[in-house]
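Student: To start, I am sharing the structure in question, which I have written as structure tokens.
Please treat every number below as a calculation from the coordinates, not as lab data. Quick caveat, the model's predicted, so the values are computed rather than measured. No Cβ is skipped: glycine too gets one built from the backbone with ideal geometry, and neighbour counts run over all protein chains shown.
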Amino acid sequence: GVDCGADSRMCCRREFFVDFKEIGWEDWIIQPEGYHMNYCAGLCPLHMAGIPGLAASFHTAVLNRIKAASAAAAVDSCCVPTQRRPLSLLYYDRDSNIVKTDIPDMIVDSCGCT
Amino acid sequence: AATGEWCPACGVATLAPAAQRDALLALAKQSILAKLRLPGRPSVPQPPSRAALLTALRRMRAQRSDAAATPGMPRDGLQEYELLSFAEAGSSTSHSVHLHFRFSQEVAGSTEIQQATLYLFWAAPGRGAQPVTVRLLQPGPAGPNMTVASETRLEVQRPGWTTLDIGAAVRSLFGQATPRLTVELEVPEDWGSPLPSEHSDSHWPFVVAQARARTAHRVHRR
């Protein structure tokens, strides 16, 4: 996958960190200190459909260009997460118990076009 | 699922930077609360003492290294939970002590208990073995009267930790509207208080439970 730069237009992963202190949640979430809420953004022209990030092989790109040229589909594909991992949380519930859990698929590691 | 020309991810990009940030923060909060099945952020709790917490975490880690499975890691995609519940002191007499453990309905209603262990630390028991009876009490199905879920007799020889498997009791508790477990300790009259003083000691009683998200019934096809 590709991480977004300042002027990225194509499908990439944009990093976004939610600091629990900043949103006033540090009193009930013990760990971690924040949430890496990365997300996918950017354009997915038709010839990039099915490419897991921009670093796909030359052959895949050529095949997709042929597909695009055939105009089999008229709608652009979507820039979506292709790899995700869980967010581990240690927090106090409302009875002051301590709960540890892994919420699956909460952190986006890479993005690609559908 | 793209509708028309727009992908869901494109919506965020069309907002102004400040609005975009607010939208993402709101989304993050909503997403975390929804995944934890919480209606809102819990109000500021009364956390247990740091010493009690550290001791409990150390003992949890020791128990985990003994077990074959690694809790907390989702197998078969089901979310797993580890719960650490510290006792609240209840009424006591010269020969009995009551401890209460409360579990949140959010977790209790959506998970099933895999394992639960009660940790009790005996303060100086005096000379010789002391007989202790540990009773697990639950609210009865018909009303507030407590019923005995299990009873265990122990001989306490020296100060130290005792662990009791209370999985069955906590499991049945999690199906109830008010998931509250009471532990009654019956001790010899001349022992005094068998437990350390509340919140001032690193040996305060606690329960460690492992739970897993409930699954809807699966339909198998051939």
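Student: Could you work out the local net charge near residue B:102, counting Lys and Arg as +1, Asp and Glu as -1, over the other residues with Cβ closer than 12 Å to its Cβ? Don't skip to the answer; put the middle values down first.
Tutor: Details: positive: A:94, B:180; negative: A:93, A:95, B:88.
With Lys, Arg at +1 and Asp, Glu at -1, the neighbours total -1.
Student: Moving on. Per-residue HN-Hα couplings for segment B:90-100, Karplus 6.51 cos²θ - 1.76 cosθ + 1.60 at θ = phi - 60°, whole Hz, x for Gly and Pro?
Tutor: Values per residue, Gly and Pro as x: x, 5, 9, 10, 5, 10, 8, 10, 10, 10, 10 Hz.
Student: Note down the nm distance, to one decimal, between modelled labels 7 Å out along Cα→Cβ at residue B:54 and at residue B:202.
Tutor: 0.5 nm
Student: If you count, for every residue in B:101-108, the Cβ atoms of partner chains within 10 Å of its Cβ, what is the mean?
Tutor: The shielding value for this peptide is 4.
Student: What number comes out for the charge environment of residue B:27, summing +1 per Lys or Arg and -1 per Asp or Glu over other residues with Cβ under 14 Å away?
Tutor: Net local charge, residue B:27 excluded: +3.
Student: Could you work out how far apart the two model spin labels at residue B:133 and residue B:150 are, taking each label as a point 7 Å from the Cα in the direction of the beta carbon, and quote it in nm?
Tutor: Between residue B:133 and residue B:150, the label points sit 1.7 nm apart.
Student: Only counting other Cβ atoms within 10 Å, I'd like A:2, B:97, B:187 sorted with the fewest neighbours first. Working shown, then result.
Tutor: Details: A:2 16, B:97 19, B:187 23.
Least crowded to most crowded, the residues run A:2, B:97, B:187.
Student: I want to check the label-to-label distance for residue A:83 and residue B:91. Put each point 7 Å from Cα in the C-beta direction and report it in nm to one decimal.
Tutor: About 6.0 nm separates the two model spin labels.
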